[in-house]
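Engineer: There's a structure below that I have some questions on.
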Amino acid sequence: MTRPDEREGGHGPPSPPLPAGWRMTSLPIAVAGLLLLGGPADAAAAGAAIAPRQELVALFADRPARELPASTSRIVTRVSDTRPITGARTTLPVLARTLDAGGRLWLKVRLPGRALARRPPPATGWIRSARTLRETTRWHIVIDTHRRRLAVFRDGIRLAGYRAIVGKPSTPTPPGNYFIEENVHLYSAQAGAPFALATSARSSVLQEFAGGPGQIAIHGRAHLGGTLGTAVSHGCIRLGKAAITRLAARIGPGVPVTIS
Amino acid sequence: MTVRPRAGMSLKSLTKPLSAAPARGALLNVWLLGLSGMLALVVLVGVAWAAQPPVGLGTADSFAVLAGSTVTNTGPSTINGDLGVNPGTAITGFPPGTVNGTIHAADAVSAQAQSDLTIAYDDAAGRTPPVAVSGELGGLTVTPGVYKSSSSVGLTGVLTLDAQGDPNAVFVFQVASTLTTASGSRVKLINGAQPCNVFWQIGSSATLGTSSVFVGNILALTSISVNDAVTVNGRLLARNGAVTLINDTVTAAHCDAGTTPGGGGTTGGDTTSGDTTGTDDSTTGSDTTGTGTTGTPDGGTVAPGDGAALLTTSPRSVAKRIARYGIARTVSGRFKALVSGVLVRRVRFFVDGKAIGRQKRSPFAAFVRSGAGIHVLTARVHFTDNTPSMTLRLRYRVAADTSIALARRPRAPGGFAG
């Protein structure tokens, strides 16, 4: 779960000042409607604005995700209320909401990525709002694989940008709209330490890698190496230690990730 | 940190602090609370511990300084008690030194005192069960009992003797070789400990560092050397060798028959020992309200009925940062609030008015967890005597986004694409 100051809800504290070392640019605050027209990836690629807020939903019980907002609709996958690596509570971005005939609230959410030895789930699905907690995040991560840079947005304002290592042509970083599934504090001996922001993206080439489902993560370079600004990874996004440490202190589960 | 000892337990293996269990004769829990490492570690061990009677000094009790060969003084030392030498005869340096007692040079009184000193020395050396100590005593807090070192012992910083409210609590230190205290070192008595009940049986010689404050009766087999400006609340008793003084103050400590449990110090016309409250530099950032006495500097007297307390933190760096910068700079949102003092009965801790802990026995501590923003830590201290309760406060500021609390350690391999 993210901290209140990271994700503002209706009763959250006021916005803290910008962290030391973070740079504010003069980009205008976006209107969410703009994103609905072109999508964040397109918007980011075009240098357009990012939505200042993203609604999230945290699951307090395993939920079936359905194709349509109805109890009779087909179940496309079942979403566990915890994440497999850290046990953190599952938090999903909310894309839409609606009421069914019985007056029950349904949420269209972005779904976690493929699990090992499981059928790949669709990108989105509908879940009931029962036993969930809705939150809001002000953060957004945008990765430009062409420029090999990662940008961090808060309240729709670009705060910082970092050079990154992205996937090489044979194992590219998959473009699309994803979210952070888990914020993992890796042990120093682990590859990619000290932190890994595990995303819902999965490699389009590697169905299995190092015992995992080919999950795309934003992590450090420990025991991996590589030069920032190059495309040499297996699909993950590698950052410098300072950058990933800074991100890990601020980015929690559910934060949208746009890869273009 | 504090350790209550059991027989045969090694303090070296436990690291710092140590303390002997109170002499109740019952099974007691053993605590090891690490504060110098800025982390608390608690170990519970059942022990059986018997009360130690004081070491009888006999006629040596009236002596503040007693030597076997010579007593040599330089400068205006003050001896509050008798001064003697036997079988040697030489006593030099008085004046300029002052003896507020009687000088016995190779007479029958000093001979009897030396004889009684031998008995007392053997008594102290034979006390059991001992707790093994070695090396450095500084930073330790010990409770009543017998502490034994098979080699030399040093003291740098503060050694705290905690009587745990028992004015008859006895501390016996058996040192096989030498005792050496560093400059500015201090022996501190708390919770009713009396210097008359502290005994240092030294198998060789003792050397007290410049400007140190020492408490207890040194029973040395050979010699005792006291450097410049040392305050001794106890006795310097050397069986065979010399006692050397340089501008020092030695006061023969006598037990106060009227002392009640929990009393902060001794009386009986003596200058009391280093009982201590409010001397920590980390307290400067706290506000104190109430009428309680805030304590005395090293070696000061704490009169019965004068409770005192100070509020600090663990790690100390938090309190020091608050003291130095107030809320102009931020501190970690996680630390331990700590109240130390004398005659403290119970402490209640609050953060921003919300109760976070309550302690009825030492250590009076509570863990503090604060989010971003300005907070006020409050400790409401009640005393065992009629000292009015006091409220201690620390106002601090915690920065936003200073932690990595969002991240969690993996419970399963990630298997990222890399």
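Engineer: Quick check on segment B:206-224: of everything there that is buried (at least 18 other Cβ atoms within 10 Å of the Cβ) and at pLDDT below 90, which residue is farthest from residue B:252 (Cα to Cα)?
Structural biologist: Among those residues, the one meeting the criterion is B:209.
Engineer: Taking the options B:222, B:210, name whichever one is within 22 Å of residue B:172 (Cβ to Cβ) and not in a strand (DSSP E or B).
Structural biologist: Within the list B:222, B:210, the selection yields B:222.
Engineer: Here's another thing I want to ask about it. Looking only at residues that are in contact (Cβ under 8 Å) with a residue 60 or more places away in the chain and within 10 Å of chain B (Cβ to nearest Cβ) in segment A:238-249, which one is surrounded by the most Cβ atoms within 10 Å (Cβ to Cβ)?
Structural biologist: So, considering only residues that are in contact (Cβ under 8 Å) with a residue 60 or more places away in the chain and within 10 Å of chain B (Cβ to nearest Cβ), the one surrounded by the most Cβ atoms within 10 Å (Cβ to Cβ) is A:238.
Engineer: Suppose we filter segment A:167-188 for residues that are farther than 22 Å from residue A:123 by Cα and not charged (D, E, K, R); how many remain?
Structural biologist: The number of residues fulfilling the criteria is 7.
Engineer: Let me ask another. Tally up the residues in segment A:177-212 that are among the aliphatic types (A, V, I, L, M), facing another protein chain (nearest Cβ under 7 Å), at negative phi and not in a strand (DSSP E or B), please.
Structural biologist: 3
Engineer: Among the numbered conditions (1) at pLDDT 90 or above; (2) closer than 17 Å to residue A:143 by Cβ; (3) among the polar types (S, T, N, Q), tell me where residue A:245 comes up short.
Structural biologist: Condition not satisfied by residue A:245: (2).
Engineer: Can you tell me which residue within segment A:214-226, out of those that are closer than 25 Å to residue A:123 by Cβ and facing chain B (nearest Cβ under 7 Å), is farthest from the chain's Cα centre (by Cα)?
Structural biologist: A:214
Engineer: Quick one: in segment A:227-236, of everything that is facing chain B (nearest Cβ under 10 Å) and of a type outside the set (Ser, Thr, Tyr), which residue is nearest to residue A:91 (Cα to Cα)?
Structural biologist: A:236
Engineer: Sticking with this one: What are the residue pairs meeting all of these: first residue in segment A:139-156, first residue more than 16 Å from residue A:240 (Cβ to Cβ), second residue in a strand (DSSP E or B) and of a type in the set (Gly, Ala, Ser), Cβ atoms under 8 Å, and 6 or more apart or on different chains?
Structural biologist: Listed by first residue and then by second, the contacts come to A:142/A:151; A:144/A:151; A:145/A:167; A:145/A:231.
Engineer: Okay, moving on. Taking into account only those residues within segment A:36-68 that are assigned to a strand (DSSP E or B) and more than 17 Å from the chain's Cα centre (by Cα), which is modelled with the lowest pLDDT?
Structural biologist: Checking each candidate, the answer is A:63.
Engineer: Residue B:329 passes all but one of (1) within 14 Å of another protein chain (Cβ to nearest Cβ); (2) under 30 Å from residue A:86 (Cα atoms); which number fails?
Structural biologist: Condition not satisfied by residue B:329: (2).
Engineer: From the list B:316, B:395, which residue is more than 14 Å from chain A (Cβ to nearest Cβ) and surrounded by fewer than 16 Cβ atoms within 10 Å (Cβ to Cβ)?
Structural biologist: B:395
Engineer: What number of residues in segment A:197-229 are closer than 21 Å to residue A:254 by Cα and in contact (Cβ under 8 Å) with a residue 40 or more places away in the chain?
Structural biologist: Residues meeting the conditions: 12.
Engineer: Looking at segment B:321-340, can you tell me whether even one residue there is among the charged types (D, E, K, R), part of a helix (DSSP H, G or I) and either more than 24 Å from residue B:188 (Cβ to Cβ) or at pLDDT 90 or above (or both)?
Structural biologist: yes
Engineer: Can I ask one more? Please work out which one of (1) within 14 Å of chain B (Cβ to nearest Cβ); (2) touching a residue at least 24 places away in the same chain (Cβ under 8 Å); (3) outside any strand (DSSP E or B) is the condition residue A:71 fails and give its number.
Structural biologist: Unmet condition: (1).
Engineer: Inspect all residues belonging to segment A:155-170 and state whether any of them is within 26 Å of residue A:58 (Cβ to Cβ), surrounded by fewer than 21 Cβ atoms within 10 Å (Cβ to Cβ) and modelled with pLDDT of 95 or more.
Structural biologist: Checked against the condition, which is being within 26 Å of residue A:58 (Cβ to Cβ), surrounded by fewer than 21 Cβ atoms within 10 Å (Cβ to Cβ) and modelled with pLDDT of 95 or more, segment A:155-170 yields no hits at all.
Engineer: So for segment A:108-131 (the condition being out of contact with any Lys or Arg (no Cβ under 6 Å at 6 or more places or on another chain), over 17 Å from residue A:179 (Cα atoms) and in a strand (DSSP E or B)), does at least one residue qualify?
Structural biologist: Yes, the conditions are met somewhere in segment A:108-131.
The values are calculated or read from the model by the stated rules, or taken from the named source; none is laboratory data. Quantities reported herein were computed from a predicted structural model and do not represent experimental measurements. Because the Cβ atoms are built from the backbone with ideal geometry, glycine has one as well, and the counts that use them run over all protein chains shown.
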